[in-house]
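K.L.:
Let me give you the structure first, and then I'll get to my questions.
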Amino acid sequence: MKLVDNNELAAIKTRFGIEPLQNNFTLANLKKVFANRRVPIKSILMNQQKISGIGNIYASEILFAARVKPTRLAESLTAQEISKIFQASKTILKNAIKHRGTTFSDYVDASGKKGGFSKLLKVYEREGDSCRVCGGKIENMKISGRSTYFCPKCQK
């Protein structure tokens, strides 16, 4: 933690992208972030300079909810797919906050409680398990050095 004045705070904020639960996260702004980007969509979702606040777990869950394969190049997405990612981003993050986040080990929040969102995960850390939607097998691959979980049948 660091105390800063308003000028330094403004300078710090310029290093971060749009925030999914803030007013600057609009469908139009998200389309701009994805436009002409020849990188996997999962990489952009986790790039804090483009979109701030989405980590590895939530990127996998967002893409599953939107039915978009994480290896898809951002520039290849249709307007409908971008809209699904937009909606899923807000829904997944709000639901994760409601359940106090995702706890896998010994993390607890300020109240000493574990996060309960791990019980609601559809793909993350479920490699080899059956997809809860189609029954296919959840797969895992590395994208940008991070484990990425997805259903090859549901996500195109």
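K.L.:
Over the chain, what is the relative contact order in percent, taking alpha-carbon pairs closer than 8 angstrom and at least six residues apart?
P.N.:
21 percent
K.L.:
Using +1 at the Cβ of each Lys and Arg and -1 at the Cβ of each Asp and Glu in the chain, identify which of N36, G112, M46 lies farthest towards the dipole's positive end.
P.N.:
Checking the options against the dipole of the chain, the answer is N36.
K.L.:
Please find, in a Gaussian network model of the chain (springs between Cα atoms separated by less than 10 Å), the residue of K90, K142, K31 whose mean-square fluctuation is greatest.
P.N.:
Looking only at K90, K142, K31, the biggest GNM fluctuation is shown by K142.
K.L.:
Can you give the charge dipole size of the chain about its Cα centre, rounded to the nearest 20 debye, using +1 on the beta carbon of Lys and Arg and -1 on the beta carbon of Asp and Glu?
P.N.:
Once rounded to the nearest 20, the dipole reads 420 debye.
K.L.:
Sorted from fewest to most neighbouring beta carbons within 10 Å, what does the list M46, M141 look like?
P.N.:
Ascending number of Cβ neighbours within 10 Å: M141, M46.
K.L.:
Place +1 on the Cβ of every Lys and Arg and -1 on the Cβ of every Asp and Glu in the stretch 6-150, take the dipole about the Cα centre, and give the residue among T103, S144, S130 whose Cα lies farthest towards its positive end.
P.N.:
So the residue furthest toward the plus end is S130.
K.L.:
Now for a different question. Is it possible to state the helix-based mean residue ellipticity at 222 nm for the chain, with each DSSP H run of 4+ residues giving -39500 (n - 2.57), the sum divided by total residues, to the nearest 500 deg cm²/dmol? What is it?
P.N.:
Per the formula, -10000 deg cm²/dmol.
K.L.:
Taking N as the number of residues in the stretch 6-150, what value does Rg over Cα atoms divided by 2.2 N^0.38 Å take?
P.N.:
The stretch 6-150 yields a ratio of 1.08.
K.L.:
So for the stretch 1-116, if I pair up every lysine 8 or more residues apart or on another chain, how many of those pairs have alpha-carbons under 17 Å apart?
P.N.:
20
K.L.:
How long is the gain from I12 to K156 if the chain were fully straight, where each residue apart is worth 0.36 nm and the alpha carbon distance is subtracted?
P.N.:
48.2 nm
K.L.:
When the chain is treated as a GNM, springs tying every alpha-carbon pair under 10 Å, which of S111, S60, S144 comes out with the largest mean-square fluctuation?
P.N.:
S111
K.L.:
Between A110 and S83, 0.36 nm times their residue separation minus their Cα-Cα distance comes to what?
P.N.:
Between A110 and S83, full extension yields 6.3 nm more.
K.L.:
R38 label point, 7 Å along Cα→Cβ, cut-off 19 Å on backbone N: hits in the stretch 65-95?
P.N.:
The answer is 71-78, whose backbone nitrogens lie closer than 19 Å to the label point.
Bear in mind these aren't lab numbers, they're just calculated from the coordinates by the rules spelled out. Worth saying up front: this structure is predicted, and the values here are computed from it rather than measured. Glycine gets a Cβ as well: all are built from the backbone with ideal geometry, and neighbour counts include every protein chain shown.
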